[in-house]
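Report on the structure given below.
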Amino acid sequence: MKILSCDQLTSKKCVPCEGSVPKFSAKEAANQIQHLDGWELTHNNERIRKSWVVTNFLAAMSFFEKVAEISEAEGHHPDLHLVQYRNVTIELWTHAIGGLSENDFICAAKIDELPIDLKP
């Protein structure tokens, strides 16, 4: 698969997936993740994850709301985690294929464009 820059990823739209999109190999995922700031591969290179520490609980909820809007627009939904009221983690993978697709990287790049109130 072609490796895309963040700008190329954010200009794309997720494609509907019922198991018919190609799954990234571990090597492809490792190459693509290098173009995203702060995201890491997890679960044997089948998921990507990023964590933030925000200023407070309301900042976390505000960020999750913005992520939800992108997720709905893209038709691709991440797992959202909030621990100890301000430790935010987002995990993406394409459930229908049990691994990573281009959709995951598109959403990650779009999430990275969102404003977030980080703890100083």
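The values are calculated or read from the model by the stated rules, or taken from the named source; none is laboratory data. As the structure is a computational prediction, the values presented were derived from the model and not from experiment. Note that we place each Cβ from the backbone using ideal geometry, even for glycine, and neighbour counts take in every protein chain shown.
Given the structure, is ALA108 modelled with pLDDT of 95 or more, surrounded by fewer than 17 Cβ atoms within 10 Å (Cβ to Cβ) and part of a helix (DSSP H, G or I)? Step through it out loud before you land on a result.
Details: modelled with pLDDT of 95 or more: yes; surrounded by fewer than 17 Cβ atoms within 10 Å (Cβ to Cβ): no; part of a helix (DSSP H, G or I): yes.
Answer is no for this residue.
Being touching a strand residue (DSSP E or B) at 6+ places or on another chain (Cβ under 6 Å), in contact (Cβ under 8 Å) with a residue 40 or more places away in the chain and β-branched (Val, Ile, Thr) narrows it down to one of ILE106, ILE70, ILE111, ILE90, so name that one. Full working, then the answer.
On the way: ILE106 fails: touching a strand residue (DSSP E or B) at 6+ places or on another chain (Cβ under 6 Å); ILE70 fails: touching a strand residue (DSSP E or B) at 6+ places or on another chain (Cβ under 6 Å); ILE111 fails: touching a strand residue (DSSP E or B) at 6+ places or on another chain (Cβ under 6 Å).
Step by step, each of ILE106, ILE70, ILE111, ILE90 is checked, and only ILE90 is touching a strand residue (DSSP E or B) at 6+ places or on another chain (Cβ under 6 Å), in contact (Cβ under 8 Å) with a residue 40 or more places away in the chain and β-branched (Val, Ile, Thr).
Hey, does the range 70-84 have a residue that's aliphatic (A, V, I, L, M) and in a helix (DSSP H, G or I)? Let's see the steps before the verdict.
First, pick out the residues of the range 70-84 that are aliphatic (A, V, I, L, M): 70, 73, 80, 82-83.
Okay, now just the ones that are also in a helix (DSSP H, G or I), so 70, 73.
Yes.
Tell me, which residue of the range 1-52 that is assigned to a loop (DSSP other than H, G, I, E, B) and of a type in the set (Phe, Trp, Tyr) is surrounded by the fewest Cβ atoms within 10 Å (Cβ to Cβ)? Please lay out each step first, then the result.
First, the residues of the range 1-52 that are assigned to a loop (DSSP other than H, G, I, E, B): 1-5, 11-25, 34-39, 43-46.
Those still in the list that are of a type in the set (Phe, Trp, Tyr) too: 24, 39.
On the way: PHE24: 27, TRP39: 23.
Per the criteria, the residue is TRP39.
Could you identify the single residue in SER51, SER25 that is out of contact with any helix residue (DSSP H, G or I) (no Cβ under 8 Å at 6 or more places or on another chain), among the hydroxyl-bearing types (Ser, Thr, Tyr) and more than 27 Å from PRO120 (Cα to Cα)?
Of the residues listed, the single one that is out of contact with any helix residue (DSSP H, G or I) (no Cβ under 8 Å at 6 or more places or on another chain), among the hydroxyl-bearing types (Ser, Thr, Tyr) and more than 27 Å from PRO120 (Cα to Cα) is SER25.
Confirm whether VAL53 is modelled with pLDDT of 95 or more and not aromatic (Phe, Trp, Tyr).
Taking the combined requirement at face value, the residue satisfies it.
Go through (1) on the phi > 0 side of the Ramachandran plot; (2) of a type in the set (Gly, Ala, Ser); (3) in contact with a His (Cβ under 9 Å, 6 or more places away or on another chain) for SER51 and report which single condition fails.
Every listed condition holds for SER51 apart from (1).
Of these, THR89, THR94, which one is among the hydroxyl-bearing types (Ser, Thr, Tyr), surrounded by fewer than 21 Cβ atoms within 10 Å (Cβ to Cβ) and within 15 Å of ARG47 (Cα to Cα)?
Working: THR94 fails: surrounded by fewer than 21 Cβ atoms within 10 Å (Cβ to Cβ).
When all the criteria are applied, what remains is THR89.
Within the range 104-120, can you find the residues that are of a type outside the set (Gly, Ala, Ser) and touching a Leu at 6+ places or on another chain (Cβ under 8 Å)? Show your work before the answer.
Applying the first criterion (of a type outside the set (Gly, Ala, Ser)) to the range 104-120 yields 104-107, 110-120.
Answer for the range 104-120, where residues must be of a type outside the set (Gly, Ala, Ser) and touching a Leu at 6+ places or on another chain (Cβ under 8 Å): ASP104, PHE105, ILE106, CYS107, LYS110, ASP112.
Evaluate the following for GLU65: is it among the acidic types (Asp, Glu), closer than 25 Å to PRO120 by Cβ and free of Cβ contacts under 8 Å to residues at least 40 places away in the same chain?
yes
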